[in-house]
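The next block holds one structure in the form of structure tokens; read it before the comments.
The values are calculated or read from the model by the stated rules, or taken from the named source; none is laboratory data. Every value quoted in this text rests on a predicted model; they were computed, and no experiment measured them. Just so you know, the surface numbers come from the protein's heavy atoms only, side chains and all, with ligands and any DNA or RNA stripped out. Shrake-Rupley method; radii C 1.70, N 1.55, O 1.52, S 1.80 Å.
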Amino acid sequence: MAMDETQSARFAAIKRMYSTTDVADYTPYPIDWLPMFTPIEGAMWGSIRSYGGLPFWPQFPIGPYFADFADPIKKLVIECDGAKFHQDKERDRQRDSFMAADGWTVFRISGADCMRVLPSPAELQEDEDWELDGKATDTIRRWYLKTSDGLISSIAERFYGAKPQFREIGDLSTEDLINEVIANRMAA
């Protein structure tokens, strides 16, 4: 999809801003990014912010591309794949390959998963009547595997040492779920 002049000017301004900002010394949170986000990017930004302090920068330039969200220190990228802008899977593979060749780890998540809201494992476990039965186990797995919160939680736990969202119970292992999320979301 070709960019119009307004989009092109916006991305040029973003690239200039990043060229003069030492992202290691600043945080992206004081900037009001919401007006430039798509709805799915806005949902992902909410997930990122819910972990307070994850240094993901929106629309971060990497070579000729702009990553939806990137941590330039740990070289992590999150791409939100909305149906409208990600119809060309080959182009996405080229982007992923370019970034990977430069040492970036790219995670992809569908727009539907960005927008999906489910009770978190922590919320489930706070419920006095909560028991780890088959339904609860499935709900926890689904939260990790099918929501932007689950992806961000997995990234925070794996790469930033965040506390896991649930305690390990029986056969349900936090580490196994994180490994599954990372493997499923990592771009090939």
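The eigenvalues of the Cα gyration tensor, multiplied by 5 and square-rooted, give region 57-104 an equivalent ellipsoid with semi-axes of 18, 13, 8 Å from largest to smallest. Taking amide H as placed 1.01 Å from N in the peptide plane, LEU118 has no amide H partner under 5 Å among residues 5 or more places away or on another chain.
Residues in region 60-71 carry Karplus couplings, in order, of 7, x, 10, x, x, 10, 10, 6, 4, 9, 8, 9 Hz; the curve used is 6.51 cos²θ - 1.76 cosθ + 1.60 with θ = phi - 60°, and Gly or Pro positions show x.
Please give the per residue accessible area of region 18-84, computed with a probe of 1.4 Å over protein heavy atoms only, in Å².
Values: 2950 Å² over 67 residues.
Accessible area per residue: 44 Å².
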